[in-house]
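Some notes on the structure that comes next.
No lab work stands behind these numbers, since they all come straight from the coordinates. Fair warning: this is a prediction, and the values are worked out from it, not measured in the lab. Don't worry about glycine lacking a Cβ; one is built from the backbone with ideal geometry, like all the others, and counts go over all protein chains shown.
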Amino acid sequence: MAEKDYSRKLVSMVEIQKSFGKVEVLKSVNFEVGHNEIVGLVGDNGAGKSTLIKILTGVHQPNGGEIYFKGEKITIHSVERSRELGIETVYQEQALSEQQTMWRNIFMGREITDKLGFLKIKQQRRETEKILREQMGFTSKAINTESIVKYLSGGEKQGIAIGRSLYFDADLIILDEPTMGLSLAETKKALDFIRNVKDIGKSAIFISHNIYYVYPVADRFVILDRGNVAGRFLKSKITQDELFEKMVHLAKTGKMR
Amino acid sequence: MGKTFIARELRLEISILGVFIGIFLLFLIGSPRTFTRFDIYYSFMSTIPFSGIMALAITLVIISGEMDLSFPSIMGFSGWVFAKLSNVLIESGTNPNLTILITTLCCFATGIIAGALNGMLVVKIRIPSLVATIGTMFFWRGLVNVCGQGFGETLVPVKDTFLFKVFIGRLGEAIPAQALWFLVLTAAFWLILKRHKFGSHVLIVGDNVESARMMGIRVNRVKMTVFMQMGFCASLAGILASLEVTYLWPSLGEGYLLRTLAAVFVGGTSVFGGVGTMFGTFIGAIIIGSLEGGIVAIGLTGFWTQLIYGLIIVVSLSIYSYFRRRE
Ligand SMILES: Nc1ncnc2c1ncn2[C@@H]1O[C@H](COP(=O)(O)OP(=O)(O)OP(=O)(O)O)[C@@H](O)[C@H]1O
Ligand SMILES: [Mg+2]
């Protein structure tokens, strides 16, 4: 059998399997993201969406299957490796260090250091300040680079998680429930951010339960159901209402039609 | 502005300093004659560093969200290796300077390996550290008993060596070298915790392991290193404490556990991990280490010691807790 050409796509996840103990969470999932494409990944609670993207970002090891990034097979699955490749993630759990300062949170896991590993704190503060004002649009004087994350509001915390993923220039940005706990105005900002990803020629995976947020910004939809891909739709082939109907039907009956 | 890190930490450190000054004022008032003379400070400087150095190391362990109860036994066993090997080498005709150099390295290696064993039990076999180190605590203490058969070892043969002076010599006949080591290590630990990538990772791992993992921090490696530096510092304390009396007691390390932990908590480090202060531990170690001498000096009998330990711990922790809640 001829090798399939994976270079047409930015990411190809092929027959991915994952079990936690005896529970099979992903059963041979095929999932792709094209160049400059926004993919909406939807599905019920516990469908395996977060697990799937955590395999891509190297947090979890797959039990089976292959991953290709820009046509190249990935053999080492680690967070560092996926970052090197240009994948940035806003996790559903936000992945913050609540008792630490803002600047430690922005740079956690990839601190700016000198050769001996000592932190360049001034530089990290300066960059954090920039992210704060320019990308997150925080204007409140009460919030600065020394603020402890624990005392920030839910929206502000999400702002850090998103701002952090933006700062490090990535080719693929993954957002797992980025609008969770955000006000309408903040949600709009997050959605605009995803549109911007498209405008600057990059790709994104957008996970959300809310079809009304996903539909307008995504180019394509993938429905995950109990560890299987239940459906794939191009936006041009399905209306928002049809997509919504399909999901409701799937949740009720466990079948696509 | 109580929400910034600097403000919070400054307030904590000021309250620790307050507790410290309060206690010393009590000492001064209670026994002005003792506390205006150098002798008592000399004795503090020669004894406090043993548990102080281990307090710095265990602070890092606690910040990382783990616990180690085995360090006094590691201190005992690596100290025994140091002393026993010294005597073996001396008897076989080795030059004392060379002997102490070799045995020091062996002692450090013993401590680091013992720490690595704790790390493996926690990281690989996934035993909670509190439980795992109860096991290793008995194990290393037991090994001293089995190997030493209850006998001590003299350290007189290495007394006139260069390293002996480096470890516990007296600077200008007045300042014990171990006090300087304690100072240097406090500065080093402070730097590592606040200014180094490793310290950052320790804080983040102790704060939220899952977040640390998702952000690509090698959690297991951080924890291993934390346990290994604990073992190293315990072995250093073992060398210092046994050289100070030029004798290795087979019970070396006993009695250090609770005092050292008390120093850390009186110093304001949280039991829950993710935050901590080396400055606090430094002051905490001095408070705990000077209580016994101070209590006797102000004329109370030794029977009072534990009662006052208890009071100081409860009162200082209440103060910190009050400040934390007010944020
Ligand atoms: N680390 C883990 N250990 C054990 N089971 C896990 C783990 N992570 C996820 N699971 C299980 O795997 C299944 C899929 O979880 P996952 O988080 O991927 O779902 P999801 O589609 O993201 O759901 P949601 O929309 O609620 O976020 C769930 O049943 C969950 O309980
Ligand atoms: Mg999820």
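If you keep only loop residues by DSSP, which trypsin sites (Lys or Arg not before Pro) in segment A:96-169 have at most 14 other Cβ atoms within 10 Å of their Cβ?
Sites meeting the loop and neighbour criteria: A:K115, A:K141.
Among all the lysines, which ones have a C-alpha under 27 Å from B:K165's C-alpha, if same-chain residues fewer than 8 places away are not counted?
Straight-line reach from B:K165, under 27 Å: B:K84.
Calculate the spin-label point distance for A:E66 paired with B:F162, positioning each point 7 Å from the Cα along the beta-carbon direction, and give it in nanometres.
In this crude label model, B:F162 to A:E66 measures out at 6.1 nm.
In terms of the ratio Rg/(2.2 N^0.38 Å) built on C-alpha atoms, what value belongs to segment A:117-169?
Taking N as the residue count of segment A:117-169, the ratio is 1.12.
Using Cα centres only, tell me the gap between segment B:74-132 and segment A:164-227 in whole Å.
54
Given chain B, report the % of alpha carbon pairs whose separation exceeds 36 Å.
So the pairs more than 36 Å apart make up 20 percent of the total in chain B.
If each of A:D199 and A:Y212 carries a label point 7 Å out from its Cα toward its Cβ, how far apart are those two points in nm?
Here the answer is 2.4 nm between the modelled labels.
Taking the radius of gyration and the Kirkwood hydrodynamic radius from Cα positions alone, what is the Rg/Rh ratio for chain A, to two decimal places?
Taking Rg over the Kirkwood Rh, I get 0.98.
Given the alpha-carbon gyration tensor of segment A:183-227, what are the semi-axes of its equivalent ellipsoid in whole angstrom, ordered largest first, with each equal to the square root of 5 times an eigenvalue?
Gyration-tensor ellipsoid for segment A:183-227: 19, 15, 8 Å.
Between B:L143 and B:I102, what FRET efficiency comes out of the Förster formula 1/(1 + (r/R0)^6) with R0 = 22 Å and r the beta carbon distance, rounded to 0.05?
For B:I102 and B:L143, the calculated efficiency is 0.60.
Let me see the pair-distance distribution of segment A:7-129: every alpha carbon pair, 5 Å bin width, integer percents in order.
P(r) over segment A:7-129, rounded to whole percents: 2, 9, 17, 19, 17, 12, 11, 8, 4, 0.
Measure up A:K54/A:K198; A:K49/B:K124; A:K198/B:K197; A:K49/A:K73 against 32 Å on the Cα-Cα distance and list the ones that go over.
Check vs 32 Å cut-off fails for A:K198/B:K197.
Is any residue of segment A:140-158 close enough, with backbone N under 19 Å, to a label point placed 7 angstrom from the Cα of A:A185 along the Cα-Cβ axis, and if so, which?
Counting only backbone N, you get A:140-144, A:152-158.
Starting from the Cα-Cα distance between B:L10 and B:A116, subtract it from 0.36 nm times their residue separation and give me the gain in nm to one decimal.
34.7 nm
Work out the length of the dipole vector of chain B about its Cα centre, built from +1 on the beta-carbon of each Lys and Arg and -1 on the beta-carbon of each Asp and Glu, and round it to the nearest 20 debye.
Roughly 920 debye, rounded to the nearest 20.
Hey, what D do you get for the protein assembly as shown in µm²/s if you plug the Kirkwood alpha-carbon radius into Stokes-Einstein at 37 °C and 0.692 mPa s?
The estimated diffusion coefficient comes to 121 µm²/s.
Quick one: plug the Kirkwood hydrodynamic radius of segment A:100-147 (C-alpha pairs) into Stokes-Einstein at 10 °C, 1.306 mPa s, and report D in µm²/s.
Using the Kirkwood radius from Cα pairs, D works out to 143 µm²/s.
At most 14 other Cβ atoms within 10 Å and a DSSP loop assignment: could you name the trypsin sites (Lys or Arg not before Pro) in segment B:94-171 that fit?
Answer by residue number: B:K124, B:R126, B:K159.
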